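Reviewing the structure listed below.
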Amino acid sequence: MADSSSTPDVQQKVLRHTLADRLYHWLMALCVFVLLGTAFLPILGIKFEWVDIHWMTGVVLAALVLVHIVRALFFQDWRSMVIDGADIRDMARGVVPGAETGKPGKYNGLQKLFHLGVAIFVLGIIVSGLLMLLKIDTPFWRRNPYWFGNDTWGYIYAVHGLFAMAMVTMIVIHIYFALRPDEWHLTRSMLRGWITRKEYQEHHDQSRWKI
Ligand code: HEM
Ligand code: HEM
């Protein structure tokens with residue numbers, strides 16, 4: 001948080017995403033778009049040499065996610081992303097018209113659910129993708145498709161393809177929420193880092209997200 005107590009709440013800034021987190025989010029998003037583009041555009045009929053761009057971007061994504069997990073577990077408050085009882089109560093009340101819901105902590109239940117889904121899908125895609133590198137020649141090793149039997153390769157390819165398709169749906173929902181005007185302060189926070197103290201007080205339970 002910045003500024004003195006005499007500054008109005010609309011001008012005081014509360015840090016929501018550090019520069020490192022914002023860089024991570026946008027680099028990760030760029031990798032995901034490149035991966036989805038190189039995977040699905042050739043299927044849609046736009047042909048180009050996609051394999052090298054695809055696997056190299058996949059390796060970069062794996063490294064980014066590894067750094068994120070280490071940072072999240074050891075240097076950030078990992079509890080801020082864990083779905084708790086209050087989140088489940090508020091998500092359930094959210095579908096009942098007129099029901100009172102409490103304010104969320106740093107992230108609301110749906111955001112945490114989205115993060116959990118993305119984490120499962122992306123980790124599944126990364127593990128299966130790294131195994132699929134055994135099928136191609138790279139500067140580091142020669143291909144060895146006999147490492148697994150045909151059945152196992154079938155499962156690996158199914159996970160990679162199905163989870164990638166699920167990511168398309170997840171991202172469409174995610175961008176829709178990010179662009180909605182009532183969520184604009186969160187979108188700004190992923191660009192510039194901060195929300196105002198007034199937005200913090202209006203949208204968050206201060207005992208659940210302590211700054
Ligand atoms: C075991 C795996 C993971 C753990 C424990 C974890 C944990 C966390 C935590 C605690 C936060 C909130 C940080 C904060 O705001 O203080 C977070 C944010 C985030 N996570 Fe993860 N995460 C995991 C996997 C992933 C994966 C696979 C992705 C890939 C898409 C991902 C993408 C993000 C993004 C984009 C954010 C928002 C950036 C930020 O402000 O930190 N996470 N994660
Ligand atoms: C144009 C593309 C994108 C936009 C505009 C966007 C926007 C945002 C914003 C504004 C937040 C912060 C929400 C907050 O502070 O509470 C966020 C967080 C996050 N983003 Fe993105 N994002 C994009 C692409 C992606 C992609 C491609 C992925 C996944 C592969 C992703 C995964 C996440 C995750 C896991 C979080 C943390 C959970 C959450 O806050 O909902 N984003 N994104």
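A few points about this structure:
- Neighbourhood net charge (14 Å Cβ-Cβ; Lys/Arg +1, Asp/Glu -1) for R93: -1
- Extending 7 Å from the Cα toward the beta-carbon at both R89 and K103 defines two label points whose distance is 1.6 nm.
- Relative to the longest principal axis of the Cα atoms of the chain, the long axis of helix 150-179 lies at roughly 30 degrees.
- Annotation for the range 115-145 versus the range 185-211: alpha-carbon center distance of 36 Å.
- Largest mean-square fluctuation among V96, V118, V159, in a Gaussian network model of the chain whose springs join Cα atoms under 10 Å apart, belongs to V96.
- Here is the list for the range 2-75: trypsin sites (Lys or Arg not before Pro) lying in DSSP coil, each with at most 10 other C-beta atoms within 10 angstrom of its C-beta, are K47.
- Theoretical FRET efficiency, 1/(1+(r/R0)^6), r = Cβ-Cβ of F48 and D151, R0 25 Å, to 0.05: 0.20
- Under 18 Å between alpha carbons - lysine pairs in the chain that sit 8 or more apart or on different chains: 10
- Degrees, to the nearest 10: 19-40 long Cα axis against longest axis of the chain: 40 degrees
- Mean sequence separation of contacting Cα pairs (under 8 Å, at least six apart), scaled by the length of the range 19-170, corresponds to a relative contact order of 19 percent.
- Rounded to 10°, Cα long-axis angle of helix 51-74 versus longest principal axis of the chain: 40 degrees
- Length added when fully stretched, T187-V67, from 0.36 nm per residue minus Cα-Cα: 40.9 nm
- Gaussian network model of the chain, Cα within-10 Å springs - most flexible of G102, G45, G117: G45
- The label-point distance for L30 and Q201, in a model that sets each label 7 Å from Cα toward Cβ, rounds to 3.9 nm.
Only the coordinates and a few stated rules stand behind these numbers; no lab work does. From a predicted model like this one, the values you see are computed outputs, not experimental measurements. Please note: Cβ atoms are built from the backbone with ideal geometry, for glycine as well, and neighbour counts cover all protein chains shown.
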